[in-house]
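This report concerns only the one structure given below.
The values are calculated or read from the model by the stated rules, or taken from the named source; none is laboratory data. It should be emphasised that the depicted structure is a prediction, and the values quoted were computed from it without experimental measurement. Every residue, glycine among them, receives a Cβ derived from its backbone with ideal geometry; neighbour counts consider all protein chains shown. The area values use the complete protein model at the heavy-atom level, side chains included, leaving out ligands, DNA and RNA. Shrake-Rupley method; radii C 1.70, N 1.55, O 1.52, S 1.80 Å.
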Amino acid sequence: MDASKQVYESAATGWQRGLYDDIKTTFRAPVVNWFFRTLMANQPTFLRYAWGQLKPAFETRAFARYEVEYRDTVLTVLEEDRTLPHYDPTTVGLSPAEFREARGQLATLDTVIPRLAFLFETLDRALSDEPVGESPAEDWEATAPFPEMDRESGLSVTMTPFEDVPDSLAETVASIQDVHGFDSGLPTIYRSLAQWPPLLETMWNDLESVLESTAFEAACVSSWSNAAEHASALAYTPRLSPADLRDVGMSDEEIEGVQGLAEQFRHGPVETVLPAVTLYAATLDATGPRRLG
């Protein structure tokens, strides 16, 4: 599977555009992640089938509880270790308008992150023929609808192409790649922040030591454990095992392709990048709720 191929929102038409709109509505955020765009370019039939299997999992009150617990787990572990910085426009060298834009984009990413962690965990397990929904929850929340949640509306996420990242950030970029384990390029969070070089530089100078701490390592472990526990407790079990995919006409080669992509997104640098987004959002007070009302 060619991970460089993507179908962007602007190019999606017909059912593909409808599916993207459904993802944004279900994820409650105006963004379609690279993972979906890559699948749409390489395996659109699989994505259409898989989304139909996965969508119900995002629409329960139990999922809302998982989401707030994910966010709270990451931040509680870090706050117990040290006082986290909080920024305003002056401290990061931005105008009020630039600060609002950066804050709005971080709010969107913070909304999406728990959903992506659950998606990657669930898909990787199912496609590897490991159990999903093996211990279904029996409480009311397991099947009750997703509630209204108080949080600010996020903004569409825009990014600086990696090749256009300013030379002034070269040292920062190299350090980010080293800490997260990237051989090249930068993930969405950093290409978004790179639109405001003073903001990214200030954040990295302050937070690099946090991201290398044992507390952050513990936060990462706990956040992925939350995703795994929710995947095990699903009330509606998606049919996404290799046998299920063969039943809907996928070849072994096609199945191996989606297995490889799911493994890449679950077990690569994303293991530290996703929890880091919650940390960055917290510094601008852009995080969503940490308790379910």
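Worth a mention:
- At R0 = 30 Å, FRET efficiency that the Cβ-Cβ distance of residue 183 and residue 225 yields, to 0.05: 0.65
- At R0 = 41 Å, FRET efficiency that the Cβ-Cβ distance of residue 130 and residue 83 yields, to 0.05: 0.55
- Degrees between helix 14-27 axis and first principal axis of the chain (Cα, 0 to 90, nearest 10): 60
- Cα gyration tensor shape of the stretch 22-70, rounded if a/c is under 1.5, else prolate or oblate by comparing a/b with b/c: prolate
- Residue 15 - accessible surface, heavy atoms, 1.4 Å probe, Å² rounded to 10: 100
- Backbone N within the stretch 249-293 under 19 Å of label point (7 Å from residue 206 Cα along the Cβ vector): 275-288
- Among 255-262, 133-140, 227-234, the peptide with the highest mean count of other Cβ atoms within 10 Å heads the list, and the full ranking is 227-234, 255-262, 133-140.
- Taking 7 Å steps out from each Cα toward its Cβ at residue 91 and residue 239 produces label points 5.3 nm apart.
- For residue 60, the residues whose amide H sits under 5 Å from its own are 146, ignoring neighbours fewer than 5 places away on the same chain, with H placed 1.01 Å from N.
- Residues in the stretch 197-213 carry Karplus couplings, in order, of x, x, 5, 4, 5, 5, 4, 5, 4, 7, 10, 4, 5, 5, 5, 9, 8 Hz; the curve used is 6.51 cos²θ - 1.76 cosθ + 1.60 with θ = phi - 60°, and Gly or Pro positions show x.
- Per atom type, the chain shows carbon and sulfur on 47% of its accessible surface, probed at 1.4 Å.
- Cα gyration tensor shape of the stretch 118-270, rounded if a/c is under 1.5, else prolate or oblate by comparing a/b with b/c: prolate
- Label-point separation in nm, residue 138 to residue 285, each point 7 Å along Cα→Cβ: 4.5
- Note on the chain: with a GNM built from Cα contacts shorter than 10 Å, the maximum mean-square fluctuation among 214, 60, 237 falls on 214.
- Solvent-accessible heavy-atom area per residue, rounded to whole Å², over the chain at 1.4 Å: 45
- Rounded to whole numbers, the Karplus 3J(HN,Hα) couplings from phi for the stretch 163-179 are 5, 9, 4, x, 4, 4, 9, 4, 5, 5, 4, 4, 5, 4, 4, 5, 5 Hz, using 6.51 cos²θ - 1.76 cosθ + 1.60 with θ = phi - 60°, and x at Gly and Pro.
- Evaluating 6.51 cos²θ - 1.76 cosθ + 1.60 at θ = phi - 60° for every residue in the stretch 234-245, the Karplus couplings come out as 4, 7, 10, 8, x, 9, 9, 6, x, 5, 4, 5 Hz, glycine and proline recorded as x.
- Here the label points at residue 4 and residue 48, each 7 Å from Cα along the C-beta direction, are separated by 2.8 nm in the simple model.
- Gyration tensor (alpha-carbon) shape descriptor, the stretch 20-283, a/c threshold 1.5: prolate
- Angle between the chain longest axis and helix 44-54 axis [Cα atoms, degrees, rounded to 10]: 90
- Degrees between helix 61-81 axis and first principal axis of the chain (Cα, 0 to 90, nearest 10): 30
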